[in-house]
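Working notes, structure below.
The values are calculated or read from the model by the stated rules, or taken from the named source; none is laboratory data. The structure presented is a predicted model; accordingly, all values stated were derived computationally and were not measured. Virtual Cβ from ideal backbone geometry, glycine too; neighbours counted across all protein chains shown. Surface accessibility is based on the protein's heavy atoms, side chains included, excluding ligands, DNA and RNA. Shrake-Rupley method; radii C 1.70, N 1.55, O 1.52, S 1.80 Å.
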Amino acid sequence: MLEQLLIFTRGGLILWTCKELGNALKGSPIDTLIRSCLLEERSGAASYNYDAPGASYTLKWTFHNELGLVFVAVYQRILHLLYVDDLLALVRREFSEIYDPKRTVYNDFDETFRQLRMEAEARAEELKKSKQMVKPVNNSKKQGQAQKAGFDKGSKKREGSSAAGGGDDNDEGKGRKLENGHSNGNIFEIDEPRMTAAVNGKENTSSNFSAFDVSKLQKRTKGGKKTDTVVNKGSKVDPKKKVTKKNRVWDDAPPETKLDFTDPVDGNGDGNEKIEVVPASQGESMMDVEEIISSDGEGEEDDNVQKDSKPEATKKGWFSSMFQSIAGKANLEKGDLEPALKALKDRLMTKNVAEEIAEKLCESVAASLEGKKLASFTRVSSTVQAAMEEALVRILTPRRSIDILRDVHAAKEQRKPYVVVFVGVNGVGKSTNLAKVAYWLLQHNVSVMMAACDTFRSGAVEQLRTHARRLQIPIFEKGYEKDPAIVAKEAIQEATRNGSDVVLVDTAGRMQDNEPLMRALSKLIYLNNPDLVLFVGEALVGNDAVDQLSKFNQKLADLSTSSTPRLIDGILLTKFDTIDDKVGAALSMVYISGAPVMFVGCGQSYTDLKKLNVKSIVKTLLK
């Protein structure tokens, strides 16, 4: 049964709802659809599933882009209603005829909807009956085919057994060829199963002779025994003697000395090692420097648009294209948008955007433009590009505040430390960029403590300890093979006692498919409830960005013992200085997770950390 059907404008004004249905929806499926699907450029999908306590809904929708209307139907997911798409199309057609922008109440549409609903249900019932009538015919055909196949298999089996029992002249000839020592690859392929059957002792009682006898072949072939003995001699290895590879010793070479750069036994690592201290006043972090965008690419974009539109002009002719650009096209259709969208998808993929994300974006843009009227003196390609630019800006712009300094001061007023956990796969630069964030916080007079919770990788604690010494900030460590969740909890308690403002928690790198490590990470987040969970990812990844972030979020949700699990709150994008214009990883990560890019690592020094410039990224993607 249909739960709800409503019509509203793109501005959010509800024009009509079905009073007959009147079922109170559990949760807020419509708000969730608008927030997480329609506003996030996922409107190209066929449906949206919403789970609420005690109910599971499926939502379907359609647009009238020319009038700016949205039609949404809600029903229980378990029902699988077949007439919803047809009903939405009928409602869209009838309501667009009576729609008036100045009018806000449409009570007279109730009777029309009742008739449309009965019509759609009747069509669905007829379709269901026609399918049921067709099914027996198909079943009888399948049964006939199955019987025929059974007869064929039986005849093949009988032929096979007769061939094995009666003996074939061709098989005899093949056996003689083998005995004479003439090998043929095809012969081995055919006779190999028989040979293995004879060796395993599974002989056919009906057959008087086999394809060939292995013992006879060994006797008649010259040197057969010799090869066997050679193999046996070579295969004899003394189990007591272990063969170890020795280093080559060159003439007049000095004796090798074992290199050992580990810390002294006391564990503090002081010794005579000299580490350069980096004061917070050494250089200004790029986080506080405003990036200036040049306007050199505008002319290039226009040139690209003109190049893309040249084939259309040659096909349609000069006069027709000029007349169409002046008068404007009546309504944009899917066929008009496909060439421009295909070129735009290829361009996004060359910028390292994941293929799945590029395809979904193009579908969403097509859904928002289909049915709209093309304005005068505008081309389809430029209209599509403008719509894509708006969509990219909307996706990359954070939906919430990402001002960490404000959040730190708010936590300081509550007399508790602000906790940031850095997570990610192996080798992306979590520890290095954690030190960059610490340096940036020190420049804003925020006291920082590091927590070495990477108790898995060798050298991880020493690496973080080196950064802590250079920046002159405290570090909390417990060594290796400890529970990282407990280490993080003790670090937060220590920071509360010492009055530290921020605790930066370093975790072990882990692949998204490693369930034991993902379970440990889920436990760390659940036990300590950090204020911010930062996913550290490389800007070099392409399609793997979708897999990493989606599986990280999925594992954190599945393995958490809480009813409301914590997911990734933000993204730190590393190695951004190595990708030139291949900036698509930022778009892929934000699109798949919904989390904003909060930091961008662009170098190897402590000052090389900056904010993501949305306009610059969008401009680079569409260039």
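Treating only the Cβ atoms of Lys and Arg (+1) and Asp and Glu (-1) as charged, compute the dipole magnitude of the range 337-479 about its Cα centre; round to the nearest 20 debye. Please list the in-between numbers first.
On the way: 22 positive and 15 negative charges, 102 e Å.
So the magnitude is around 500 debye.
Roughly how many Å² of Met349 are accessible to a 1.4 Å probe, to the nearest 10?
70 Å²
Quick one: pull the percent of accessible area on the range 571-623 belonging to carbon and sulfur, 1.4 Å probe, ligands and nucleic acids left out. Provide the component values of the computation, followed by the final result.
Values: 760 of 1690 Å².
Ligands and nucleic acids excluded, carbon and sulfur give 45 percent.
Sum up the charges of everything whose Cβ sits under 14 Å from the Cβ of Ile98, counting Lys and Arg as +1 and Asp and Glu as -1, but leave Ile98 out. Don't skip to the answer; put the middle values down first.
On the way: positive: Arg92, Arg93, Lys102, Arg103; negative: Glu94, Glu97, Asp100, Asp108, Asp110, Glu111.
Combined, the nearby Lys, Arg, Asp and Glu give -2.
Give the residues of the range 12-44 whose amide nitrogen is closer than 12 Å to a point set 7 Å from the Cα of Arg123 in the direction of its Cβ.
Backbone N within reach: none found.
Roughly how far apart, in whole Å, are the Cα centres of the range 74-115 and the range 512-591?
Rounded to whole Å, the Cα centres lie 41 Å apart.
Starting from the amide H of Leu15, placed 1.01 Å from N in the peptide plane, find each other amide H under 5 Å away whose residue is 5 or more places distant or on another chain.
Ile7, Phe8, Thr9
Any idea what % of Cα-Cα pairs in the range 323-441 are farther than 17 Å? Don't skip to the end; give the middle numbers.
Working: 4880 of 7021 pairs.
For the range 323-441, the fraction of Cα-Cα distances above 17 Å is 70 percent.
With a sphere of radius 13 Å drawn around the Cβ of Val546, what net charge do the other residues whose Cβ falls strictly inside it have (Lys, Arg +1; Asp, Glu -1)? Numbers along the way, then the final one.
Details: positive: Lys360, Lys551; negative: Glu355, Glu356, Glu359, Asp544, Asp547.
That sum, taken over residues with Cβ under 13 Å, equals -3.
So if I restrict to the alpha-carbon atoms in the range 385-438, what is the Rg, and what is Dmax, the biggest pairwise distance, in Å?
16.5, 50
Test of understanding: express the Cα radius of gyration of the range 1-120 as a ratio to 2.2 N^0.38 Å, with N the residue count. Intermediate results must be reported in sequence, preceding the final value.
Working: Rg = 13.7 Å, N = 120, 2.2 N^0.38 = 13.6 Å.
For the range 1-120, the normalised Cα radius of gyration comes out at 1.01.
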